[in-house]
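Novice: Can you read through this structure? Questions will come right after.
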Number of protein chains: 2
Amino acid sequence: MKARIRITLKNGVLDPQGKAIQNALGSLGFAGVEEVRQGKYIEVDLSETDEARARAEVERMCRELLANLVIENYSYELTA
Amino acid sequence: MKARIRITLKNGVLDPQGKAIQNALGSLGFAGVEEVRQGKYIEVDLSETDEARARAEVERMCRELLANLVIENYSYELTA
């Protein structure tokens, strides 16, 4: 199965990368950009074919390695 | 509208970050991880409420600033 994982900063955590992108968009003439937040996107190909087991594995990956739960949230989708 | 943009490396482009994650997952005892690719995830809040215009704007943002089209692909979803 393939997991598509998004890791985002929690609300209230400063995001200087997002702010930099927002400023750059403004300089390029994009009006009406209210907020930009940057996160990480990770695709993991798993040999596991059982969805429940794959979900448990991805959940554990996020908690143990991929996300810093103090400042980040994660979400993911699984596809065959 | 809110745009959720994913920027990923094109197939064939070396991804040392993804490889590092893959190795780290292996060291942590995760078996069956076949491939890991890391990309960027960007959320943009737009004041634009018309979907077609928002789509055109996000498309232009990706092409002009967010993605390096030589080595990266982008995809996005728009929600109200």
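Rule-based calculations on the coordinates, nothing more; no lab input. None of these values were measured; they are calculated from a predicted model. Cβ atoms come from the backbone with ideal geometry, glycine included; neighbour counts cover every protein chain shown.
Novice: Count the net charge of all other residues whose Cβ sits under 11 Å from the Cβ of A:Leu66, scoring Lys and Arg as +1 and Asp and Glu as -1.
Specialist: Combined, the nearby Lys, Arg, Asp and Glu give +1.
Novice: Pairs on different chains or at least eight residues apart, Cα atoms closer than 19 Å: how many lysine pairs in the protein assembly as shown fit?
Specialist: So the count of such lysine pairs works out to 19.
Novice: Taking the alpha-carbon set of the protein assembly as shown, what are its Rg and Dmax in Å?
Specialist: 16.5, 48
Novice: Relative to the other copies, what are the label-point distances for A:Leu69, with labels 7 Å from Cα along the C-beta vector, expressed in nm at one decimal and sorted shortest first?
Specialist: 4.2
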